[in-house]
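S.K.: Here it is, the structure in full.
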Amino acid sequence: MTYVPHTDADRREMLAAIGVERVEDLFHDVPLACRFPVLNLPEPVSEMEIMAELQAMSEENLDVGHYPSFLGAGAYNHYVPRVVDHVISRSEFYTAYTPYQPEVSQGTLQSIFEYQSMVCALTGMEVANASHYDGATSTAEAVIMALNVARGKRKKVILSPTVHPEYRAVVRTYTQGMGLEIVEKDATECMSLLDKDTACVVAQNPNFFGQIEDLTGLAEQAHAVGALLVVVVDPISLGLLKAPGDYGADIVVGEGQALGNGLNFGGPYLGFFACRERDVRKMAGRLVGQTVDREGKRGYVLTLATREQHIRREKATSNICTNEALCALATAVHLAALGKTGMRTLAELCYHKAHYAAERIAGLTGYLVWSHRPFFKEFVVRCPAPVAEINEVLLEEWGIIGGYDLGRDHEGLENHMLLCVTEVISRREIGALVEALGDAATEVGQ
Amino acid sequence: MKADFGVRCSGASLPAVGDVAEPVLYELSHPGRMATTLPALDVPPAELPPAELLRESVDLPEVSELDLVRHYVRLSQLNWAIDIGFYPLGSCTMKYNPKVNEAAARLPGFTHTHPYQDPHTVQGNLRLMWELQEMLKEIGGFAGVTLQPCAGAHGELTGVLIMRAYQVDRGEAQRCKIIVPDAAHGTNPATTTMSGLEVIEVPSDARGNVDLEALRALCLAEGPTVCGMMLTNPNTLGLFDEHLPEIVDLVHGCGGLMYGDGANLNAIMGVAKPGELGFDVMHYNLHKTFSTPHGGGGPGSGPVGVCEKLVDFLPGPLVEMVTYEELERDFGYEDEDAECDCGCEDEDAECDCGCEDEDSECDCGCEDEDAECDCGCDEGDEAVSFYLVMPEKSIGRVKAFYGNFGVLVRAYTYIRMLGGEGLRQVSEMAVLNANYLKSQLQGILPISHDRVCMHEFVAQGIIAGAPGIRALDISKRLIDYGFHPSSNYFPLIVPEALMIEPTETESKETLDAFAGALRAIRDEALTDPELLHDAPHNAPVRRLDEVRAAREPVLRWKA
């Protein structure tokens, strides 16, 4: 199946109109030695066959629908209301392109405008763009924006080590050609490192370990030397916690997946990105603005395009064009479905359940809850054996997907597990986890 | 011929779309409404954090589920989309998005997997990714592919960072310039700057090729500082460069690498492999060439293919496969006696069985059912298994996790249903459609270059006898005729450019109707130009004031 509608008669007529005999004649500019190679690919299959094969392939996985999962660490299992998939499955949305022709793209444009508005409300910021690829790349773009706000004169970037390790890795990848000094120190230490050469400090709240941080002081210290504060944030936590805009953040970014998007093995996700109005012209990514048409009727357009690559080329703030519009739409629908009350309730559900789980685990022999209160929906537990071994017992004997092994990227945190509890986890499942952990301690510890 | 845009949703209770102004969600809000339900708290509540860390509330709209559904359905009806009609945006490859792909990507076994699950619990995902890597390698003629980049521009950044890392690795750190043709997409120069490199622009010649003499001079003058060249081929004029081998030789000759912008791969699948044409790096746009939906501006996916010498620099993790045969051959694997069969011969391997440490007691337990090793060798019946590795000299990660997996599933489905011959047919019909449409526009609009084109071509919005008419007027008038406009004013080197890419999934009738509309618009331009200046007449809104949007930005809803 190639989805090509051409009949033999069509082909003949079209070739005659072009004035060539065969389709192959259209490719004379391709060097002869390379022309028409054989593509050694699997034989084509029908829709029925590929679906059967994919079904089988997908069932080779153990999925969190069948195995309660306590994995978080930047990708979260929240319930996505059915209305979300209903909206994003409308082909008027998903088979449209970037809204370059506003007169026939008002649906996409208005939905992005609403997304921007809700992200501003959530983060307490003045401007939000249409999205970046994910939380990691929006963090990297935030760092680049801070360099641009400083007009390239500041070359130091302070990254808190409690920022997601993969986000820090992506910041390093993105900026590797820029000759920066990237310092990875924690919030207290970095205060002493702040100086006139610092473009920004990047902190995460709740941090990678789930801990809620008070960043008010850090914002003041950063601003005192003219540096920006970039805050990476879990949007679900903002149903409960103070908006970063209210404690002095200059740029707020994060992974939007938790709102409206499934786990999908790591993508597609979306990076949300919000900043102050004064810096908007240094921000990368698409922006939708409200305007009027010739008859004075309200409408929406892509705006401030002079920041972007298709206008500014090598002087653009970033090369980004395609972003994650449909994922942002899913986030917007979920946010609107939750509304003011639902957002608060959802955040509290996660908070209370996580604390309940931590309390239960704290009572287990061999385990130590390493996190201090308050944390949000994740916390760290020191285990009596390597996390991999504990998780193996959890999965094999209890059908539970255990937490994230912090030892894999944090030196000194061997045997430490980062557990995540969201609203999808029931009290019964927390009970099973606690029992399973106890069991694992006995089994592996001996 | 009258456009039918808007007719779709005319009904007893709805005015024609052109007259609807859908309120902003906030304007539909009524305190106390909610469009979802949440489970009751089933555990004792914990003490909340101190008040200074909390907020009062979040200012989100409060609507019922029906309000929400109607709002978004109405918004959707203000959009043009491939599933509504012809969408000939040049350079965007707006082909049909098969519905089976959507079903495939929504299989719960795929959607409900966490990226940090132990590899042996996500073998299905890893198998799909590995097979897609292999298929893209075959289509592009490359030795390695990363699936990590999320979009074409993201792939470009990845590719250019790889080129730079390669040059630095071989002691050529002074190579900090990238040659970019003047016809290139804006992303090419923007990527170069973002990578910390410098752009040198090379002009095009009269036939739409790279100006070979200018390139020769440039390579001579700048040779030792050239990191490489970014070339879109077929280029943005829809033309296959007639001197490609010479261009490749010039750039390679001065020590540079060739980057292929794969935006236009839809023209040459099964026609030529970019790797065999001399490109060292190329990104694929799965959301163009491989039929995954554009989503109103993403999510896309921009895998990057590289030649052998660049494989070690790819961003990771990549998916690798081990077979029992390989284990036997490479490590003298002999059943129970094997010390470790996880396949991590490389000391730097990412395999989490931990056996990179020579002294460690391997616990991957080849024959042990309870083995932890993600190489999967505990699966007695499995002949192969898949695991994640970080290449030796990797430029690092370009995103968290592994790529836009849901998009990868769709592209995989597409390639498997088409096969090699099918992909070649796609490219052939894409090129046939473009050349046919071009032939039908002869005498209606000027065409930038009088040559056989590939999958797209550039017409000009210039009408003799109607001096006031611009490309924009023609584009907007096309909306009234029920067509999405082509790309406007790009490439920059063609005045009043209308870049038209019909794609292979459109029928001859559609192309004839589009040509007919342009003929009618040309006639209108001569007799009633105001009709074009005022267009569109039959869309949800008239032309919008973009200047005002930029001068007085309103970027969020305010009460």
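The values are calculated or read from the model by the stated rules, or taken from the named source; none is laboratory data. This structure is a prediction, so every number in the text was calculated from the model and none was measured. Every residue, glycine among them, receives a Cβ derived from its backbone with ideal geometry; neighbour counts consider all protein chains shown.
S.K.: So B:ILE200 fits all but one of (1) assigned by TED's automatic domain parsing to the domain that holds B:ASP312; (2) surrounded by 20 or more Cβ atoms within 10 Å (Cβ to Cβ); (3) touching a helix residue (DSSP H, G or I) at 6+ places or on another chain (Cβ under 7 Å); (4) of a type in the set (Val, Ile, Thr); what number is the exception?
M.R.: (2)
S.K.: Residues in the range A:64-71: is at least one in contact with a helix residue (DSSP H, G or I) (Cβ under 8 Å, 6 or more places away or on another chain), facing another protein chain (nearest Cβ under 7 Å) and without any contact (Cβ under 8 Å) to a residue 60 or more places away in the chain? Break it down into steps so the answer makes sense when it comes.
M.R.: Step one: list which residues in the range A:64-71 are in contact with a helix residue (DSSP H, G or I) (Cβ under 8 Å, 6 or more places away or on another chain), which gives A:65, A:67-68, A:70.
Adding the requirement that they be facing another protein chain (nearest Cβ under 7 Å) leaves A:65.
Pick out the ones that are also without any contact (Cβ under 8 Å) to a residue 60 or more places away in the chain and you get A:65.
Within the range A:64-71 (the criterion being in contact with a helix residue (DSSP H, G or I) (Cβ under 8 Å, 6 or more places away or on another chain), facing another protein chain (nearest Cβ under 7 Å) and without any contact (Cβ under 8 Å) to a residue 60 or more places away in the chain), the answer is yes, since at least one residue qualifies.
S.K.: If you don't mind, another one. Which of the residues belonging to the range B:26-45 are more than 7 Å from chain A (Cβ to nearest Cβ) and of a type in the set (A, V, I, L, M, F, W, C)?
M.R.: B:LEU28, B:ALA40
S.K.: Got a number for residues in the range A:14-55 being within 7 Å of chain B (Cβ to nearest Cβ), of a type in the set (D, E, K, R) and more than 19 Å from B:LEU132 (Cβ to Cβ)?
M.R.: Total meeting the criteria: 2.
S.K.: Find the helices (runs of 4 or more DSSP H) located wholly in the range B:190-284 whose residues include 3 or more that are closer than 24 Å to B:THR146 by Cβ and in contact (Cβ under 8 Å) with a residue 60 or more places away in the chain, and list them.
M.R.: Values: elements: B:212-222, B:244-253, B:274-277.
Output list reads B:274-277.
S.K.: One residue is enough: does the range A:107-124 have a residue meeting the conditions facing chain B (nearest Cβ under 7 Å), surrounded by fewer than 21 Cβ atoms within 10 Å (Cβ to Cβ) and more than 19 Å from the chain's Cα centre (by Cα)?
M.R.: no
S.K.: How about the range B:490-505: which of its residues are closer than 18 Å to B:ALA263 by Cα, of a type outside the set (Val, Ile, Thr) and surrounded by fewer than 24 Cβ atoms within 10 Å (Cβ to Cβ)?
M.R.: The answer is B:PHE490, B:LEU492.
S.K.: Okay, moving on. Is it the case that some residue within the range A:222-235 is under 25 Å from B:LEU48 (Cα atoms) and of a type in the set (Gly, Ala, Ser)?
M.R.: Here is the first cut: in the range A:222-235, the ones under 25 Å from B:LEU48 (Cα atoms) are A:231-235.
Of the ones still in play, those that are also of a type in the set (Gly, Ala, Ser) are none.
Within the range A:222-235, none of the residues are under 25 Å from B:LEU48 (Cα atoms) and of a type in the set (Gly, Ala, Ser).
S.K.: Now for a different question. Considering each of A:ALA258, A:ALA249 in turn, give the residue that is in contact with a strand residue (DSSP E or B) (Cβ under 7 Å, 6 or more places away or on another chain), small (Gly, Ala, Ser) and either in a loop (DSSP other than H, G, I, E, B) or under 27 Å from B:ARG55 (Cα atoms) (or both). Reasoning before the result, please.
M.R.: Working: A:ALA258 fails: in contact with a strand residue (DSSP E or B) (Cβ under 7 Å, 6 or more places away or on another chain).
Within the list A:ALA258, A:ALA249, the selection yields A:ALA249.
S.K.: Okay, moving on. Look at the range B:506-559 and say how many of its residues are surrounded by fewer than 23 Cβ atoms within 10 Å (Cβ to Cβ) and facing chain A (nearest Cβ under 7 Å).
M.R.: 12
S.K.: Given (1) part of a helix (DSSP H, G or I); (2) under 20 Å from A:ALA336 (Cβ atoms); (3) touching a Pro at 6+ places or on another chain (Cβ under 8 Å), where does A:GLU103 come up short, assuming only one miss?
M.R.: With (1) part of a helix (DSSP H, G or I); (2) under 20 Å from A:ALA336 (Cβ atoms); (3) touching a Pro at 6+ places or on another chain (Cβ under 8 Å) applied to A:GLU103, the lone miss is (2).
S.K.: A:ILE311 - would you say it is at the interface with chain B (Cβ under 8 Å from one of its Cβ atoms) and either under 25 Å from the mean Cα position of the chain (by Cα) or of a type in the set (Asp, Glu) (or both)? Give the steps one after another, and end with the answer.
M.R.: Values: at the interface with chain B (Cβ under 8 Å from one of its Cβ atoms): yes; either under 25 Å from the mean Cα position of the chain (by Cα) or of a type in the set (Asp, Glu) (or both): no.
For A:ILE311, the condition - at the interface with chain B (Cβ under 8 Å from one of its Cβ atoms) and either under 25 Å from the mean Cα position of the chain (by Cα) or of a type in the set (Asp, Glu) (or both) - is not met.
S.K.: Working carefully through the options A:ALA227, A:ALA249, A:ALA243, find the one that is within 27 Å of A:HIS355 (Cβ to Cβ) and either crowded, with 24+ Cβ neighbours inside 10 Å or not assigned by TED's automatic domain parsing to the domain that holds A:SER192 (or both). Don't jump to the end; show me each part of the working.
M.R.: Working: A:ALA227 fails: within 27 Å of A:HIS355 (Cβ to Cβ); A:ALA243 fails: either crowded, with 24+ Cβ neighbours inside 10 Å or not assigned by TED's automatic domain parsing to the domain that holds A:SER192 (or both).
From the options A:ALA227, A:ALA249, A:ALA243, the qualifying one is A:ALA249.
S.K.: When you go through (1) hydrophobic (A, V, I, L, M, F, W, C); (2) modelled with pLDDT under 95; (3) in contact with a Phe, Trp or Tyr (Cβ under 7 Å, 6 or more places away or on another chain) one by one for B:MET499, which number turns out not to apply?
M.R.: Of everything listed in (1) hydrophobic (A, V, I, L, M, F, W, C); (2) modelled with pLDDT under 95; (3) in contact with a Phe, Trp or Tyr (Cβ under 7 Å, 6 or more places away or on another chain), B:MET499 misses just condition (2).
S.K.: Could you please find all residues in the range B:89-105 being at the interface with chain A (Cβ under 9 Å from one of its Cβ atoms), in a loop (DSSP other than H, G, I, E, B) and surrounded by 23 or more Cβ atoms within 10 Å (Cβ to Cβ)?
M.R.: Residues satisfying the conditions are B:CYS92, B:MET94, B:LYS95, B:ASN97.
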